[in-house]
Amino acid sequence: MSGAGASRPGASRPPASRTVSYKPAPGTIPTAPGVYRFRDEHERVLYVGKAKNLRQRLSNYFQPLEALHERTRRMVLTAVRVEWTIVATEFEALQLEFTWIKEYEPPFNVQFRDDKSYPYLAVTMGDDVPRALITRNRGIRGARYFGPYTKVWAIRETLDLLLKAFPMRSCSQSIYDRAERTGRPCLLGDIGKCSAPCVGRVTFEEHRATANDLVTFMNGGDQEFVDRVREQMQRASARLEFERAARLRDQLSALETVLSRTSVVLADGVDADVFGLVHDELSAAVHLFAVRGGRIRGTKSWVVDTEIDLTDGELATQVLRIAYDGGDPPAREVLLPKQPDSVPEVEAWLADRRADHGLSGRVAVRVPQRGEKRRLADSAAVNAAHALQVSRTKRTSDYVTRSQALADLQEALGMTEAPLRIECFDVSHLGGTGVVASMVVFEDGLPRKDQYRKFAIAQTTDDTDSIFQVMTRRARYLVEGDPEDTGSRFAYTPQLLLVDGGKPQVQAAQRALDEAGVRGVALAGIAKRLEELWLPGEEFPVILPRSSEALYLVQRLRDEAHRVAIGYQRQKRSSAIESQLSGIPGLGPNRVRALLKHFGSAKRVREAGPEQLREVAGVGPALAEAIARALGSEPSQADTMEGAAQRQEPEA
């Protein structure tokens, strides 16, 4: 059963206080499970989504336009109608959603794309004489794939060792045909890395059995083979079959070398796919560890530019769709940082994917809480964060991309010239105390860390007052130059000043510039939603296009300014505890540093009891008691600041 909202002929923008004109009439959207599609005026599908309750879900898209996130607003304004299809269950909705995303490739759905094609180890079990090869082609009929691997050289070394243990064909078809015609095997057959079925040294059935053994080994049955080969070697040696024992010894050595190069991360027999997921306002990155038999058999990373706001559960569901729809079969256990929406339906869909590959058994989707699996999940998250950072860096390392970003920013802000020098300011405080600020400098789209500045603000009333004070100090240099004439580049005039904040912060910064008499410098504020840049005196913000390189440049500036401000705050907290510790008799500078290094923070030093303090080198029982008494049990202002910082700092 299907339905659709009213359509409209064009995609003109309605007034901000209204919703889109094709909003379905009240009561016409069913409350049943289903899948919905937004289409544009050319009938292209823009977005596909599923819902447990269609009416409840679609109502989120038809709020007043100013209440929608910019990316969602852009999608609903581009669309001219919405249609829906009712299904019987949430599982059917999930299947239909994945099918339509694959069929239509909607531009506003999450589509992770590799920045390169990863190499796999493939065994062509569909051939009469199976072959082991390294390939980036996932379309070989009947082939079994293992990986992906991040480095070609690593899988080449692995295959070379595997052929010593499983001597099967790895040559091309032309080489195999020539050996079959001439009756002479290739070099691999002569050195024992192929059993040479081309010249009849083994039968086709024996060769296929070797290929099956290799597949089983790569699927996690490694310990079984190691034990079997060791037992055969011992029996051959006992029967005085020394030549056979030597061959089995070499095979055992090759197997153990392969296993030593494959990280042992979990208990033997554990099969799991471990995902790390990191995202910000603009992009998301995923890293996958494929664990088979307790060892990492493959890794893979994706990076995507997100379009529509998704909850953590929705994003987790889309990650699984991309990882397994038409790709590798899922493991028996899938570990994610967040639970996907509709876990039973997702598990049933994953079990179907296993069945498509001839594998039985259910799939459990979990969020690891502790132990080895949690540590591996944390490692996957670190890798995902690295992939996201590399993706950002690639944008800034390319000269053409940087030039485009500056040109986009110039056009968006109506500047007469490109902002070759940009300064970004961020104010950071902890519950109104310990107020600090940072200034970061980008020239030609690249950071100039030698020109960064940090500010300590003694007295302030709120964020806008802090911005006013910092900008007043900056403006004084722009007008008067360096009063000490030290050649400081702090007096250089930027083309653009950015402050982290919205309309009130921009007004405070502009007031500081006006009072100092600064002219000809553009000013803008970075709102929380990031796409919005507030200009002085403007009633509405400038919206940076989602595809604009300027958006990523602004993001880097804001994140860098925030990083420097937080770092300065930590430094001040460390200095405060050092001063207090230095006043304790018998506690010199070396022991103060040892305490801070051992506990990692001022807060933990204060929380430590005498027994814990004695664990630090050079701190005896009497000194530990003196430190505990001096610091006391009541949390200081520095402790309060540190705890607030841990709550306020965003996750990587």
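Compare Asp271, Asp398 by solvent-accessible area with a 1.4 Å probe and give them largest first, with all protein chains kept in place.
Sorted by accessible area, descending: Asp398, Asp271.
Report, ordered by chain and residue number, the lysines lying within cross-link reach of Lys528, taken as a straight Cα distance under 21 Å and ignoring same-chain residues fewer than 8 apart.
Within reach: Lys503.
Grab the eigenvalues of the alpha-carbon gyration tensor for the range 22-105, scale each by 5, take roots, and send me the semi-axes largest first in whole angstrom.
20, 16, 11
Excluding ligands and nucleic acids, what accessible area in Å² is computed for Thr461 using a 1.4 Å probe, to the nearest 10?
Roughly 120 Å² of Thr461 is accessible to a 1.4 Å probe.
So what does Ser360 come to for accessible area, using a 1.4 Å probe and Å² rounded to 10?
We get 100 Å² for Ser360.
How would Tyr399, Tyr452 rank on accessible area, largest to smallest, probe 1.4 Å? Don't jump to the answer; show the numbers that get you there.
Details: Tyr399 155, Tyr452 35 Å².
Of Tyr399, Tyr452, the descending order of accessible area is Tyr399, Tyr452.
Give the peptides 159-165, 65-71, 172-178 in descending order of average Cβ contacts within 10 Å, highest first. Kindly include the intermediate steps, with their values, before the conclusion.
Numbers: 159-165: 19.4, 65-71: 15.6, 172-178: 13.1.
Going by the mean number of other Cβ atoms within 10 Å, highest first, we get 159-165, 65-71, 172-178.
What figure, in Å² to the nearest 10, do you get for the accessible area of Lys338 with a 1.4 Å probe and non-protein molecules left out?
Roll a 1.4 Å probe over it and Lys338 shows about 100 Å².
The values are calculated or read from the model by the stated rules, or taken from the named source; none is laboratory data. Everything quoted here is computed from the prediction, not taken from an experiment. Methodologically, a virtual Cβ is constructed for each residue, glycine included, from the backbone with ideal geometry; neighbour enumeration extends over all protein chains shown. Areas reflect the complete protein model, heavy atoms only, side chains present, ligands, DNA and RNA absent. Shrake-Rupley method; radii C 1.70, N 1.55, O 1.52, S 1.80 Å.
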